[in-house]
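Q: One structure is given below, represented as structure tokens, and several questions about it will come after.
The values are calculated or read from the model by the stated rules, or taken from the named source; none is laboratory data. Here the structure is a predicted model, which means the values were calculated and not measured. Positions of Cβ are generated from backbone atoms using ideal geometry, with glycine treated the same way; all protein chains shown enter the neighbour counts. We work out accessible area using only protein heavy atoms, side chains counted, and drop any ligands, DNA or RNA first. Shrake-Rupley method; radii C 1.70, N 1.55, O 1.52, S 1.80 Å.
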Amino acid sequence: TGVFGWLYLLLAGLATAPGIALLAANLAAGKEISLFDYDAFRCSEDQLLALLAGIPFALAAFVLLVVLLYKIWAALPPESARTTPGKAVGFLFIPLFNFYWYFVALFGWTEDFRRYARERGFAGPRPSPFVAVAIAVLNLFVTPLGIASGFAEVPLAGTVISLPLTVLLVVFAFQACAAVNALPPEAVQAARAARGTP
């Protein structure tokens, strides 16, 4: 349901709020962002603990995204999908390969869904392939840069770097929910029955 989108938005917001608040506090304290001096992105040990408070929400948002991916792939009948719901989710946990798999799990689903809805003549919203590709491309850069910012002792930079990806994931969640919810219930039930998915 659309609840997935709103819940993902809440969790993503709670995950990024500590970093945004700390960066805003640093800028308000007179620290400047410079091309060669990232002083505004540094934080004290106390601030680092506050920043770490967002991690459980980030993990919960990722779990919710995984559940959403499983459900949207399960809404497609096997003959209209390039992969199974289990593979769509499971392959995201394979290190390095998952950078490629985001293209399949997100962009591949939008393409398969759009083709399926067009062939069956279903009306309703369609997920944007552009959003899905943008997420996969950004993920190629955001994850390594976020890790590097932690090692470079400018952890707040990871929050700023990840904001566009977070926003696009929220947009994708709402689009996917709206698209699947617009399908006739009997079509979704038939697809899940064909897969043996409850």
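Q: Under the classification rounded if a/c is under 1.5, otherwise prolate if a/b is larger than b/c and oblate if not, where does region 57-105 fall, given a ≥ b ≥ c as square roots of the Cα gyration tensor eigenvalues? Spell out each step's value before the answer.
A: On the way: a/c = 2.80, a/b = 1.33, b/c = 2.11.
Note, shape of region 57-105 comes out oblate.
Q: Also: Can I get the semi-axes of region 44-177's equivalent ellipsoid? Compute them from the C-alpha gyration tensor as square roots of 5 times the eigenvalues, in angstrom, largest first. Walk me through the numbers before you get to the answer.
A: Details: eigenvalues 201, 39, 34 Å².
Gyration-tensor ellipsoid for region 44-177: 32, 14, 13 Å.
Q: For the ranges 162-170, 135-143, what's the packing order if you count other beta-carbon atoms within 10 Å of each residue, average per peptide, and put the highest first? The partial results should precede the final answer.
A: Values: 162-170: 19.1, 135-143: 17.6.
Listed from highest to lowest mean packing, they are 162-170, 135-143.
Q: Report, to the nearest whole %, how much of the accessible area of region 92-198 belongs to carbon and sulfur atoms, 1.4 Å probe, protein only. Display every interim value, and only then the final one.
A: On the way: 3670 of 5270 Å².
Heavy-atom surface of region 92-198 belonging to carbon and sulfur, 1.4 Å probe: 70 percent.
Q: Given Cβ point charges of +1 (Lys, Arg) and -1 (Asp, Glu) and nothing else, what value in debye, to the nearest 20, does the dipole of the chain about its Cα centre take? Display every interim value, and only then the final one.
A: On the way: 12 positive and 11 negative charges, 186 e Å.
Computed about the Cα centre, the dipole is about 900 debye.
Q: How high is the relative contact order of region 102-198, in percent, with contacts defined as C-alpha pairs under 8 Å that are six or more residues apart?
A: Numbers: 70 pairs, mean separation 29.9, N = 97.
The value is 31 percent.
Q: By how many degrees, between 0 and 90 and to the nearest 10, does the Cα long axis of helix 155-181 differ from the longest principal axis of the chain?
A: Here the helix axis deviates by roughly 20 degrees.
Q: Sticking with this one: In the chain, with Lys and Arg counted as +1 and Asp and Glu as -1 at Cβ, which of these residues, ALA187, ASN98, ILE20, has the Cα nearest the positive end of the dipole, that is, farthest along it?
A: Final value for the positive-end residue is ALA187.
Q: Could you state the number of Å between the C-alpha centres of region 68-85 and region 165-181?
A: 16 Å
Q: Please list, in order along region 66-78, the HN-Hα scalar couplings obtained from phi with the Karplus expression 6.51 cos²θ - 1.76 cosθ + 1.60 (θ = phi - 60°), rounded to whole Hz, x for Gly and Pro.
A: 5, 4, 4, 4, 4, 5, 6, 5, 5, 6, 9, x, x
Q: Right, another one. Which cross-chain or sequence-distant (5 or more) residues have an amide H under 5 Å from the amide H of SER128, H modelled 1.01 Å from N in plane?
A: none
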